[in-house]
Amino acid sequence: MSETHDQNQQHKTTKSSSSYCSVLLKLFSDPFKIFFRNKHILFPILLFLTLPLSFLLFSLSFSSRPLKRHIFHLESIALYSSTRFEARHVLKESRDESLSLLRLKLFFSLPSSILSLLSFISTVHVTSLSVSLSPSNRPSFLSTVNALKLAWKRVVVTSLCSYALFLLYIQVPQLFSAAFRNHPRLSLPILLIGLGFEVYLMGVLGLGLVVSALEEKFGWDAFRVGSDLMVGRRVCWWCITCMLVVVSGWIGSRFEKLTDSEDLVKSGVLAVLMGWETVGLLWFYGVLVIWSFMGTTVFYCDCKHRLNKAVNHSSSGTELTDFTV
C-alpha cells in the first residue's frame, strides 16, 4: 500500500514538473509562432507603434539623465552646506530643476501613453484570436480597430488603477527599511521579500490589463480576475515576469553605458539614438515589449482554457488532475 502511494506521488511530481516545463515552453514559443502567422498585422504594430514607443522612452531616459544628476548633486551640496542660507538657496535651485524634470516627463508621457495603449490593445486582440484558432474569427485590421474602440476606456481605467496601486506599494518597503534600519540582519531579507513581491505584483497587474482588454472588466475587478486565473501557476508567471524585468533592466543599463559621455550629451538626442548599437537596443526593446504583450495574452488564454476545462470536468463529475505551484 505504501509502495503504491509512493509511486502515485512520484507520478504526480513528474507530471507537475513536465506540465510546468510545457507551460514555460508554450509561453516562449507561441508568441513567435503567432507573430509570423499574423505578420501582416503585427509587423506594422511593431514598426509604427512599438518602435516609436521605444524611441520615446530612450529619448526620455537620455534627455532626463543630466537633470537627474544635477538634482542629485544639488541635494548632496545642500546636505553638507555649512550655513542654513546656503542650503536653502541650493534646495530652491534643486526644486526648480525638479520642476523642469517633471515638465520633461509630462512632455513625453502623453505620446508614450497613446502609443502604449494602441500597441497593447492591438497586440492582445490579435494574439487572443490567434490562440483560439477559429477560421471564422481570424484577426484583421478591421477587427483590431473595433477592438480598440471597445476596449480603450477599460484599459485606461485599469492602467490608472495599476499605477495608483504600484505607487502605494513602493512606499511599504521604504517604511519597513526605516523601521528596521537599526537591525542590519533584517534589512536584506526585507529587501529581497519586497523585490520578490514587487515582481509578483507586476505580473498580476499585467494580467489584469489583459483581462480588461478582452473582458467586460476593469480596475480592481480586472486585477481580481487576473489573480484568480493564476491559481496553480503563480510561480510560473512570477518567473516569466522576473525574466522580463531582468532583460528590460539590462537593456536600460546597456543604453546608459553606451550614452554615458559628455560629448554624446552635447551632440543631442537624435545623434545618439542613430548609433548602430543603440538602434539595435531600440529594436530589441520594441520586440521585447510586443513579446511581453503576446506572452501575457497566451498565458491568460491558457489559464482561461484550463479554468473552463476544470469547470466542465467538475460539472460532469470527473476529477481534473493538473499541476499546482
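Brief remarks follow.
- Residues (without any contact (Cβ under 8 Å) to a residue 60 or more places away in the chain and crowded, with 18+ Cβ neighbours inside 10 Å) located in the range 208-219: Gly208
- Lone unmet requirement of (1) at pLDDT below 85; (2) of a type in the set (A, V, I, L, M); (3) within 22 Å of the chain's Cα centre (by Cα) for Ile240: (1)
- Of all residue pairs spaced 6 or more apart or on separate chains, those with beta-carbon atoms under 9 Å, a first member in the range 101-114 that is more than 12 Å from Leu56 (Cβ to Cβ) and a second member that is among the charged types (D, E, K, R) and assigned to a helix (DSSP H, G or I) are Leu101/Lys68.
- Of all residue pairs spaced 6 or more apart or on separate chains, those with beta-carbon atoms under 8 Å, a first member in the range 183-207 that is touching a residue at least 40 places away in the same chain (Cβ under 8 Å) and a second member that is part of a loop (DSSP other than H, G, I, E, B) are Leu207/Met230.
- Considering the range 27-75, the residues that are of a type in the set (Gly, Ala, Ser) and more than 21 Å from Ser119 (Cβ to Cβ) include one that is surrounded by the fewest Cβ atoms within 10 Å (Cβ to Cβ), namely Ser29.
- Filtering the range 30-44 to residues that are in contact (Cβ under 8 Å) with a residue 40 or more places away in the chain, over 12 Å from Trp291 (Cβ atoms) and part of a helix (DSSP H, G or I) leaves Arg37, Ile41.
- Residue in the range 53-67 that is without any contact (Cβ under 8 Å) to a residue 24 or more places away in the chain and either part of a helix (DSSP H, G or I) or under 26 Å from the mean Cα position of the chain (by Cα) (or both) present: no
- Test: residue in the range 120-129 that is under 26 Å from Ile251 (Cβ atoms), among the β-branched types (Val, Ile, Thr) and touching a Pro at 6+ places or on another chain (Cβ under 7 Å): yes
- Selected residue (criterion: farthest from Gly208 (Cα to Cα)) from residues of the range 139-157 that are among the small types (Gly, Ala, Ser) and more than 20 Å from the chain's Cα centre (by Cα): Ser140
- Every residue from the range 186-197 that is closer than 23 Å to Leu244 by Cα and surrounded by 11 or more Cβ atoms within 10 Å (Cβ to Cβ): Ile190, Leu191, Ile193, Gly194, Leu195, Gly196, Phe197
- Residue pairs meeting the criteria (Cβ under 8 Å; at least 6 apart or on separate chains; first surrounded by fewer than 21 Cβ atoms within 10 Å (Cβ to Cβ), in the range 220-240; second of a type in the set (S, T, N, Q)): Val231/Thr324; Gly232/Thr324
The values are calculated or read from the model by the stated rules, or taken from the named source; none is laboratory data. What you see is a predicted model, and the numbers here were worked out from it, not measured in a lab. So basically every Cβ, Gly included, is an ideal-geometry build from the backbone, and we count neighbours across all protein chains shown.
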